[in-house]
Amino acid sequence: MEGLKLVLSGPSGSGKGTIVQELLKDDNFKLSISATTRNKREGEIHGVHYFYKTKIEFEEMIKNNELIEYAHFCDNYYGTPKAFINEVVKEGFDIILEIEVQGALQVKRRYPDAIFIFIMAPTFEELKERLISRNTELPEVVEKRLERAREELLLFKEYDYIVINDSLKDAIEQIRYITKSEKLKSKHYKEHIQSMLEN
Ligand code: 5GP
């Protein structure tokens, strides 16, 4: 069976980065590594967290049709390179695209069979607190990201599932359940049933 394409979105501070890192400890998941023009944060590694590009390099990737989707988020470009995804899914791995909502909508048009999961913090206050306390952004960037979070929340209906990240452990469990039950859908069993009938 081909792997699933899981699109995970959620405002900055929703904890989706941590959730993804935990999910990647399971053998079935692989992460799509995005390209971005934003500055590298401390501890981040080129080719592991992102492919860090200049604006010119990124625009070259757009021009050469190398991206499945891309978006402008808080003054930077972010985009999903094409090459990796199809290959990985064919090998049976479930690929995670951790991307913001504009990109997710583009993926939805291109891959209607992808599964869309929106991760939220329990309250807006909590979101704000998490974003401030992680201390990775300047105060004006935090403000911009909170503003963007409100816009993102309005698009929740575009997603198949909502996961409220109140407890990290529960949120991860819920995504594992979603993945497992998606794989049990009858549409994945056409060939299997067909071959049973033929024998
Ligand atoms: P951050 O700067 O915090 O790593 O990411 C900012 C936002 O960009 C997050 O919502 C993240 O999910 C999103 N993002 C990361 N990679 C991509 C991508 O390839 N495409 C799109 N559309 N969004 C992305």
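Anything in the range 38-55 that is closer than 17 Å to Arg145 by Cβ and exposed (fewer than 10 other Cβ atoms within 10 Å of the Cβ)? List them, or say none.
Asn39
Could you list all residues from the range 130-163 that are among the hydroxyl-bearing types (Ser, Thr, Tyr) and closer than 22 Å to Glu42 by Cβ?
If the condition is that a residue be among the hydroxyl-bearing types (Ser, Thr, Tyr) and closer than 22 Å to Glu42 by Cβ, then Ser133, Thr136 are the ones that fit.
So which residues in the range 164-186 are surrounded by 13 or more Cβ atoms within 10 Å (Cβ to Cβ) and under 20 Å from Val7 (Cβ atoms), if there are any at all?
Ile164, Asn165, Ala171, Ile172, Gln174, Ile175, Arg176, Ile178, Thr179, Glu182, Lys183
Output the number of the condition that Asp75 fails; it satisfies all remaining conditions of (1) more than 9 Å from the ligand (Cβ to nearest atom); (2) open to solvent by less than 20 Å² (accessible area, probe 1.4 Å).
All conditions are met except number (2).
How many residues are away from the ligand (no atom under 11 Å from the Cβ) and either without any contact (Cβ under 8 Å) to a residue 24 or more places away in the chain or part of a loop (DSSP other than H, G, I, E, B) (or both) when one looks only at the range 22-51?
Residues of the range 22-51 that are away from the ligand (no atom under 11 Å from the Cβ), as a first pass: 22-30, 42-43, 45-48.
After this cut, where a residue has to be either without any contact (Cβ under 8 Å) to a residue 24 or more places away in the chain or part of a loop (DSSP other than H, G, I, E, B) (or both) as well, the list is 24-28, 42-43, 45-48.
Residues that pass the stated criteria total 11.
Restricting the search to the range 100-120, which residues are of a type in the set (A, V, I, L, M) and either near the ligand (Cβ under 10 Å from one of its atoms) or open to solvent by less than 10 Å² (accessible area, probe 1.4 Å) (or both)?
Pass one, the range 100-120, residues of a type in the set (A, V, I, L, M): 101, 104-105, 107, 114-115, 117, 119-120.
Within the range 100-120, Val101, Ala104, Leu105, Val107, Ala114, Ile115, Ile117, Ile119 meet the criteria.
Is it the case that the range 1-12 has a residue that's modelled with pLDDT of 95 or more, away from the ligand (no atom under 11 Å from the Cβ) and open to solvent by 80 Å² or more (accessible area, probe 1.4 Å)?
Within the range 1-12, not a single residue is modelled with pLDDT of 95 or more, away from the ligand (no atom under 11 Å from the Cβ) and open to solvent by 80 Å² or more (accessible area, probe 1.4 Å).
What is the one condition in (1) part of a helix (DSSP H, G or I); (2) under 18 Å from the mean Cα position of the chain (by Cα) that Val163 does not satisfy?
Against the list (1) part of a helix (DSSP H, G or I); (2) under 18 Å from the mean Cα position of the chain (by Cα), Val163 comes up short only on (1).
Could you tell me whether any residue of the range 143-157 is among the aromatic types (Phe, Trp, Tyr) and within 15 Å of the ligand (Cβ to nearest atom)?
Checking the range 143-157: at least one residue is among the aromatic types (Phe, Trp, Tyr) and within 15 Å of the ligand (Cβ to nearest atom).
Got at least one residue in the range 85-98 being touching a Leu at 6+ places or on another chain (Cβ under 6 Å) and more than 18 Å from Ser14 (Cβ to Cβ)? Before the answer, list the steps.
Looking only at the range 85-98, we keep the residues that are touching a Leu at 6+ places or on another chain (Cβ under 6 Å), and these are 94, 96, 98.
Restricting the remaining residues to those that are more than 18 Å from Ser14 (Cβ to Cβ) gives 94.
Within the range 85-98 (the criterion being touching a Leu at 6+ places or on another chain (Cβ under 6 Å) and more than 18 Å from Ser14 (Cβ to Cβ)), the answer is yes, since at least one residue qualifies.
Out of the residues in the range 56-71 that are more than 22 Å from Leu31 (Cβ to Cβ) and of a type outside the set (Val, Ile, Thr), which is surrounded by the most Cβ atoms within 10 Å (Cβ to Cβ)?
The qualifying residue surrounded by the most Cβ atoms within 10 Å (Cβ to Cβ) is Glu59.
For the condition touching a helix residue (DSSP H, G or I) at 6+ places or on another chain (Cβ under 9 Å), of a type in the set (Lys, Arg) and at pLDDT 95 or above, what is the one hit in Lys53, Lys128, Lys63?
Lys53
Which residue, of Tyr189, Tyr161, is touching a helix residue (DSSP H, G or I) at 6+ places or on another chain (Cβ under 6 Å) and surrounded by fewer than 18 Cβ atoms within 10 Å (Cβ to Cβ)?
Only one candidate passes the filter, namely Tyr161.
The values are calculated or read from the model by the stated rules, or taken from the named source; none is laboratory data. Since this is a predicted model, take the numbers as computed values, not measurements. So basically every Cβ, Gly included, is an ideal-geometry build from the backbone, and we count neighbours across all protein chains shown. Heavy atoms of the whole protein, side chains included, go into the accessibility calculation; ligands, DNA and RNA do not. Shrake-Rupley method; radii C 1.70, N 1.55, O 1.52, S 1.80 Å.
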